[in-house]
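Visitor: Got a structure for you, questions after.
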Amino acid sequence: MIQKPRGTKDIYSEEMDIYNYIAKVTFNVMKKYGFNEISTPIFEKSELFLKGVGEDTDIVNKEMYTFDDKGGRSITLRPEGTAGVARAYIEEALEMKMGLPLKLMYNMQVFRYEKVQKGRQRQFTQIGGELFGSPNPYADFEIIKICMEILKELKIDKNIVLKINSLGNKESRENYKKVLAEYSDKNIEKYCVTCQRRRETNILRMLDCKEKECKKLNNDAPKIIDYLTEEDKNHFEELKKYLDTTKLKGEYEVDPYIVRGLDYYNRTVFEILDADKKAILGGGRYDGLIEKLGGKSTEAVGFAFGGERVKDIILEKYTEKQKQELKQKVDYVIVKEYGVENNIYANTVAERLREKGFVVIDELMDKSFKAQMKNANKIGAKKAIIIGKEEVQNGVLTIKDMESGEQIQIDKEEI
Ligand code: HAM
């Protein structure tokens, strides 16, 4: 048997229902804020991610599915959504066509060659949104608010933690990097090998190391918040003011160690973690990306969550009844002896019901009456329409309520 590649999943049945439900709820929330859906290619030229995500990131260094196509071009399966959407924004002149601020939402498959474990796959889903054109913290606030609203609508907003931070603009970061370098150099031999390398390549990433010793050292490290320029500080303070006037007051934490694993961020960054401290959602501001990719300088802020991580929480948290409600409903199952005359009769009944919007499963195999009833139960059909010789001869239908077992007979024309 040929098995699927490691880190990929087949999604069907209950998980597919939940997954579709997540996408539907998310898009419904985002539509209320004026988001339009966008779809971009699954693969892009590799340079998009080298430039966009950053050459010193784990994603670009270790995790990308990159290959030469038959024409010798270097191609990469997208490891995230933002870079492709930013490229499309520039290439399709979306500012001209759709105006600013522009809000785009997506539901896409992304690929990262990561160590596979629970909640970490090599092909996974990102559902998110990007907002272009506003430099203002009120836009950051809107994005964070949307994220929390989505989780609330999905009824998984309990036991989660919203963490925010500001990375400031370049000036703030350069000031801070110097101070952090001085601090870490004093104890550099105590840091893990990865952090020692990051000290040289991408020093901010030292801050979100999960190694115990590094975490201890980071606890006493200078905090970026204390090194922000006046403008950056005001930007962050304004965002907090908005959060504090809503239900989110007291629902977020400022965490100076949120630095994010992608290089395009400036100023606001945020993450939402589940009860096990796993990131379900990440986002932030990336004002420099559009210009870096060759477009006209345009501010932007956005977020994405992992579809599978949210799905896993729902699988765990929802009651059987809640899950049942997400299932594709089957209103009627037609139970009959297979045969041309019965099929023609059944088809007219099914057609009429489907025109009225009901879900009807007609018998296509040649199963026994018992097997058909068993299947009707298995798929959770509400009613069975029994069509036998007698029903066809008399122009009637026997309808059985699958829950109560009650059976009635009606005229075929009444349906
Ligand atoms: P990210 O934090 O790298 O951000 O990914 C977003 C979410 O994708 C994570 O919070 C996590 O739930 C999920 N995720 C990441 N890696 C995996 C994996 N291997 N398996 C399953 N789920 C995973 C971004 O990618 C940014 N583009 C988000 C953004 C949009 N920032 C601004 N706009």
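Visitor: Hey, got the Cα dimensions of segment 25-171 along the principal axes, in Å, largest first?
Guide: 44, 43, 37 Å, listed from the longest principal axis down.
Visitor: Follow-up. Computed over the Cα atoms, what is the radius of gyration of segment 123-252 divided by 2.2 N^0.38 Å, N being its residue count?
Guide: Normalised Cα radius of gyration, segment 123-252: 1.24.
Visitor: Still on this structure, I have one more. Over all distinct Cα pairs, what is the inverse of the mean 1/r for segment 280-407, reported as the Kirkwood hydrodynamic radius in Å?
Guide: Here the Kirkwood hydrodynamic radius works out to 18.7 Å.
Visitor: Sticking with this one: Output the 0 to 90 degree angle, nearest 10, between the alpha-carbon long axis of helix 82-91 and the longest principal axis computed from the alpha carbons of the chain.
Guide: The angle comes out at about 90 degrees.
Visitor: A follow-up question, please. Determine the gain in length on full extension of the stretch E15-I410; use 0.36 nm per residue of separation and subtract their C-alpha separation, reporting nm with one decimal.
Guide: That pair, E15 and I410, stretches by 138.4 nm at full extension.
Visitor: Between K317 and N234, what FRET efficiency comes out of the Förster formula 1/(1 + (r/R0)^6) with R0 = 30 Å and r the beta carbon distance, rounded to 0.05?
Guide: For N234 and K317, the calculated efficiency is 0.15.
Visitor: Okay, next question. Quick one: if you stick a label point 7 Å off each Cα along the C-beta vector at R73 and N219, how many nm between them?
Guide: Label-label distance for R73 and N219, simple model: 5.2 nm.
Visitor: With +1 on each Lys and Arg Cβ and -1 on each Asp and Glu Cβ, and nothing else charged, work out how big the dipole of the chain is about its Cα centre, in Debye to the nearest 20.
Guide: Values: 72 positive and 72 negative charges, 191 e Å.
Computed about the Cα centre, the dipole is about 920 debye.
Visitor: Rounded to the nearest 0.05, what FRET efficiency do E153 and E325 have when you use their Cβ-Cβ distance and R0 = 25 Å?
Guide: Efficiency, rounded to the nearest 0.05: 0.95.
Visitor: Further question: Full extension from K186 to D56: what is 0.36 nm times the residue separation minus their Cα-Cα distance, to one decimal in nm?
Guide: Separation in residues times 0.36 nm, less the Cα-Cα distance, equals 44.5 nm.
Visitor: Provide the FRET efficiency to the nearest 0.05 for the A23-R354 pair, computing r from the beta carbons and using R0 = 22 Å.
Guide: For R0 = 22 Å, the calculated efficiency reads 0.30.
Visitor: Roughly speaking, what is the centre-to-centre gap between segment 347-363 and segment 47-125 when only Cα atoms are used, to the nearest Å?
Guide: Centre-to-centre distance over Cα atoms comes out at 43 Å.
Visitor: Give me a comma-separated list of calculated 3J(HN,Hα) values for segment 306-318, in order, Karplus coefficients 6.51, -1.76, 1.60 applied at θ = phi - 60°, integers in Hz, x for any Gly or Pro.
Guide: x, x, 5, 5, 5, 4, 4, 5, 5, 4, 7, 8, 6
Visitor: Can you give me the distance in nm between label points at T246 and K45, each placed 7 Å from the Cα along the Cα-to-Cβ direction?
Guide: 3.8
Visitor: N169's amide H: which non-local residues (gap 5+, or another chain) put their own amide H closer than 5 Å, with H modeled 1.01 Å from N in plane and none for Pro or chain starts?
Guide: Sorted by chain and number, the residues that satisfy this are T229, R267.
Visitor: Still on this structure, please answer the following. Report, to the nearest 10°, how far helix 230-244 tilts away from the longest principal axis of the Cα atoms in the chain, using its own Cα long axis and a range of 0 to 90°.
Guide: For 230-244 against the chain, the angle is about 30 degrees.
Visitor: Calculate the all-directions average of the projected area of the chain's alpha-carbon convex hull, and give it in nm².
Guide: Orientation-averaged projected area of the Cα hull: 27.1 nm².
Visitor: Something else: Give, rounded to the nearest 20 debye, the magnitude of the charge dipole that segment 286-415 has about its Cα centre when Lys and Arg contribute +1 at Cβ and Asp and Glu contribute -1 at Cβ. Don't jump to the answer; show the numbers that get you there.
Guide: Values: 22 positive and 24 negative charges, 82 e Å.
Approximately 400 debye in magnitude.
Visitor: In addition: Structure shown: which of K45/K97; K4/K51; K247/K317; K115/K292; K45/K223 lie over 26 Å apart, alpha-carbon to alpha-carbon? Please report the intermediate quantities before stating the final value.
Guide: Numbers: K45/K97 24 Å; K4/K51 31 Å; K247/K317 23 Å; K115/K292 30 Å; K45/K223 37 Å.
Beyond 26 Å between Cα atoms: K4/K51; K115/K292; K45/K223.
Visitor: In segment 347-406, which GluC sites (Glu not before Pro) are in a loop and have at most 14 other Cβ atoms within 10 Å, using DSSP for the loop call?
Guide: Within segment 347-406, the qualifying GluC sites (Glu not before Pro) (loop, at most 14 other Cβ atoms within 10 Å) are E403, E406.
Only the coordinates and a few stated rules stand behind these numbers; no lab work does. Remember, it's a predicted structure, so these values are computed and weren't measured experimentally. Note that each Cβ is placed from the backbone with ideal geometry, even for glycine, and that neighbours are counted across all protein chains shown.
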